[in-house]
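Here the structure is laid out as structure tokens; the discussion comes afterwards.
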Amino acid sequence: MNYIFYFLIVFSIIIGAVNGKLQDVVNSVMSGAELSVKVAFSLIGIMAFWLGIMRIAEKSGLLAWISKVLKPITRVLFNELPEDSPAIGDIAMNFSANAFGLSNAATPFGIKAMEELQEVNKDKTTASNAMCLFLGMNTAGFQLIPTTVLAVLVGIGYKNPTEIIAPTLLVTLIAFISAILLAKLGQLISNKTSICKIKNKEVEND
Amino acid sequence: MTKLLNLISLWALPVLLIGVLTLGICKKVPIYEEFTKGAKDGFKVAVNIIPYLVAIVVGISMFRASGAIENIASVLVPLLSKFNIPADTLPLMIVRSLSGSAALGVFSDVANNLGPDSYATKLAAVMVGSSETTFYVLAVYFGAVGISKIRYALIVGLLADLIGIISAVLVCNWLFA
């Protein structure tokens with residue numbers, strides 16, 4: 001993250017200067033900072049509402065039931081999680097909300113899932129394999145109906161906007177599956193390299 | 001089929017609310033008390049993500065203001081015509097992992113300028129609809145729990161975005177071209 005942050009800022013200033021847009025870049029610092037707080041504050045109410053609903057779902061045993069139903073899938077995907085982890089119910093709620101286009105509800109569910117994953121994470125500043133997988137699945141943005149896109153298309157007088165739904169679904173499904181496979185590949189590679197490191201240390205100790 | 005899908009998206013939220021609340025009442029959960037207990041965390045979570053969001057959003061808006069996206073686009077344009085990709089959709093491919101509102105803005109531009117019958121509008125619609133803003137998800141989800149060492153998460157997100165772009169081009173070429 002350190003390099004990404006450094007790259008974004010230093011690279012933008014240099015390119016901005018070359019393009020003669022340095023003033024715009026300077027202005028964007030202020031507007032960006034303002035925007036991020038606006039986004040966070042606009043989340044408060046939505047977040048509070050859905051976290052409240054989520055708590056009822058948890059207390060009434062709905063989440064436990066969902067995680068039980070999904071166990072065959074989640075056990076393969078999140079193989080490093082304890083079997084009865086409460087994160088699984090939250091992850092399931094996050095994906096259902098995303099799939100049905102309730103992106104407002106999906107974010108609080110996703111954050112709740114992250115908190116549960118953090119509970120069982122050994123190093124609290126480093127992302128666990130389960131977290132990377134969950135994040136990857138989320139960035140693929142799986143949804144059944146792209147409501148915002150449809151609204152724009154209807155707005156410009158597109159005759160048959162729903163013909164977009166099928167190809168979008170196909171593409172998002174491909175991206176979703178590749179995210180899972182890539183995350184699993186990352187897990188495999190990083191586990192292997194950490195085993196190598198431990199082995200090297202053992203050799204040094206001998 | 002599409003009618004059914006629209007119906008599902010309209011009823012998803014009401015069904016979820018009725019279901020959760022009814023189940024709570026049946027199981028004798030004090031739903032009002034539990035709701036307010038859960039909702040209390042909303043403020044805390046939103047405030048927790050602010051530092052992470054500021055870092056990412058400022059970085060991204062500086063990047064966009066610098067004109068780097070236009071520069072990358074102008075380099076890639078000759079390459080695109082080979083694959084039958086309209087040049088108007090290029091800024092969208094670059095911006096969609098960075099900023100959701102910008103991606104939607106570019107898409108509306110393309111749709112309004114080129115009209116409903118153009119191939120570019122259809123391709124852009126599929127691209128926007130099939131993706132989520134990787135950097136935003138990263139900042140919010142990892143920020144909420146204070147993760148700063150992200151390991152391979154960003155690479156996975158961006159590679160999946162790239163695969164999404166390629167498959168959007170292939171699928172649209174097959175269906176609409």
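The values are calculated or read from the model by the stated rules, or taken from the named source; none is laboratory data. Everything numeric in this text was worked out from a predicted model, so none of it was measured. When we count neighbours, we look across all protein chains shown, and the Cβ atoms used for this are built from the backbone with ideal geometry, even at glycine. Only protein heavy atoms, including side chains, enter the accessible area calculation; ligands, DNA and RNA are left aside. Shrake-Rupley method; radii C 1.70, N 1.55, O 1.52, S 1.80 Å.
At the residue level, A:Lys38 shows approximately 130 square angstrom of accessible surface with a 1.4 angstrom probe and all protein chains present. Could you pull out which residues in region B:59-91 have an amide N less than 15 Å from a spot 7 Å beyond the Cα of B:Asp117, following the Cα-Cβ vector? Answer for region B:59-91: none. With the largest listed first and rounded to whole Å, the semi-axes of the equivalent ellipsoid of region A:1-107 from the Cα gyration tensor are 41, 19, 10.
Distance from the Cα centroid of region A:127-201 to that of region B:110-147 is 12 Å (rounded to whole angstrom).
Computed with every protein chain present, the accessible area of B:Arg64 is close to 100 Å² [probe 1.4 Å].
Within the shell defined by Cβ-Cβ distances under 14 Å, the residues around B:Ala160 carry a net charge of 0, with Lys and Arg each +1 and Asp and Glu each -1. The label point for A:Thr125 and the one for A:Leu173, both projected 7 Å from the Cα toward the Cβ, are 4.3 nm apart. Taking all pairs of different Cα atoms in the protein assembly as shown, averaging 1/r and flipping that mean, what Kirkwood radius in angstroms comes out? About 22.0 Å for the protein assembly as shown. Label sites at A:Leu188 and A:Ala151, each approximated as a point 7 angstrom past Cα along Cα to Cβ, lie 4.1 nm apart. GNM remark for chain B: springs join alpha carbons under 10 Å apart, and the peak mean-square fluctuation among B:Leu104, B:Leu90, B:Leu23 falls on B:Leu23. According to the Cα-based calculation, Rg over Rh for chain B is 1.07, with Rh computed by the Kirkwood formula. Along chain B, counting only chymotrypsin sites (Phe, Trp or Tyr not before Pro) with a DSSP assignment other than H, G, I, E or B and at most 15 other Cβ atoms inside a 10 Å radius, the longest segment between sites is B:84-175. Of the residues A:Lys122, A:Lys21, the one with the largest accessible area comes first in the ranking A:Lys122, A:Lys21, computed with a 1.4 Å probe on protein heavy atoms. Based on the Cβ-Cβ distance of B:Ser81 and B:Lys28, what FRET efficiency does E = 1/(1 + (r/R0)^6) give at R0 = 45 Å, to the nearest 0.05? In this case the efficiency is close to 0.10. Within the assembled protein chains, the solvent-accessible surface assigned to A:Glu34 is about 110 Å², based on a 1.4 Å probe.
Calculate the mean, over all residues of peptide A:5-13, of how many other protein chain Cβ atoms lie within 10 angstrom of the residue's Cβ.
5
Across region B:9-97 the C-alpha pair distances fall into 5 Å bins from zero in the proportions 2, 10, 11, 11, 9, 9, 9, 10, 10, 8, 6, 4, 1, 0 percent. Using the Cβ-Cβ distance between A:Trp65 and A:Ile44 with R0 = 51 Å, the FRET efficiency computed as 1/(1 + (r/R0)^6) comes to roughly 0.95.
Taking 14 Å as the cut-off, no amide N atom of region A:123-157 comes nearer than this to a point 7 Å along the Cα-to-beta-carbon line of A:Ile195.
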